[in-house]
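The values are calculated or read from the model by the stated rules, or taken from the named source; none is laboratory data. All of these numbers come straight from a predicted model, not from anything done at the bench. Positions of Cβ are backbone-derived with ideal geometry, glycine not excepted, and every protein chain shown enters the neighbour counts.
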Amino acid sequence: MQNILDDLVERLKQAYGADLLSVILYGSAAVGDAHAGFSDVNVLCVVRDVTPKELAASEPIFRWWRDKGNPAPLLMKQDEVARSTDCFPIEFHDMLQSRRVLHGADVVAGLQIDDRYYRAYVEQELRAKLFRLRQKAGGVLNDNELLLRLMAGSLSTFCVLARHALRLGGHAQTMSKRDTVAGIREHLGVAGRAFDTLLDLREGRVKSKTVQPRVLFADYLKEIEALVSSVDNIPG
């Protein structure tokens, strides 16, 4: 992982030169809780300006990064960082909670996050991801392998959103997915058994042949729906 991150930073430095102000790794990968093949490696890249020139320089780097299974780095201008916290409270809370500066300045340190739309943003993301999961499942429901892959691939996103549901409810949370599942079980009334099973599958603790994918999917949907309901009922 470190070699790949070093490679990314070198490519960015070659592309932007002195205009590259900061590269920050954030989220689960910053604390070692990422799972190869399932977890995104999220990177914030801050440059002096973002014009077609910078985007053209980014294109081969971002394509290379996406080919490794990661989302393209979040590319921002320096003045956009502080101005965007109300639009991306999930991302900026994650950066404040867990980050590693890979290059340049720590542009996140001391950032004040505007939480006016935080609760609505978490609910919107949960509902959108739930609806998308249902759509995708409609095409693979009779293929056990693809259904398991779909659930395992979606788990990281729902764990992130579950962690923010805990934050919204005023409960302690960490970047650990296991801690997050325990937290929603204790504080939000979400059973979490399907989440635990999917984590076990991803970590190789159980074999796929020991689970019934359609039964697991039904439980997974119920738990996500319960999570959505808990956020919907938070005032604000």
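So the values come out like this:
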item: Residues satisfying the stated conditions in the stretch 54-87, i.e. assigned to a loop (DSSP other than H, G, I, E, B) and either in contact (Cβ under 8 Å) with a residue 12 or more places away in the chain or aliphatic (A, V, I, L, M) (or both); result: LYS68, GLY69, ASN70, PRO71, ALA72, PRO73, THR85, ASP86, CYS87
item: Selection within the stretch 109-164 - closer than 29 Å to LEU21 by Cα and among the charged types (D, E, K, R); result: ASP114, ASP115, ARG116
item: Test: ARG185 is within 19 Å of SER28 (Cβ to Cβ) and at pLDDT 95 or above; result: no
item: Filtered residues of the stretch 220-236 (kept if within 13 Å of PHE158 (Cβ to Cβ) and without any contact (Cβ under 8 Å) to a residue 40 or more places away in the chain); result: LYS222, GLU223, ALA226
item: Residue match in the stretch 173-181 (condition: touching a Pro at 6+ places or on another chain (Cβ under 8 Å) and at negative phi); result: no
item: Subset of the stretch 42-66 [closer than 16 Å to VAL107 by Cα and among the hydrophobic types (A, V, I, L, M, F, W, C)]; result: VAL43, LEU44, CYS45, VAL46, VAL47
item: Single condition ARG134 does not satisfy, out of (1) exposed (fewer than 14 other Cβ atoms within 10 Å of the Cβ); (2) out of contact with any Leu (no Cβ under 8 Å at 6 or more places or on another chain); result: (2)
item: Residue selected from the stretch 59-108 under the condition closer than 14 Å to LEU21 by Cα and surrounded by fewer than 14 Cβ atoms within 10 Å (Cβ to Cβ), by the criterion modelled with the lowest pLDDT; result: ASP79
item: The stretch 89-109, residues that are in a helix (DSSP H, G or I) and of a type in the set (Val, Ile, Thr); result: ILE90
item: Top-ranked residue in the stretch 196-234 [being under 18 Å from VAL160 (Cβ atoms) and modelled with pLDDT under 95; ranked as surrounded by the most Cβ atoms within 10 Å (Cβ to Cβ)]; result: ARG202
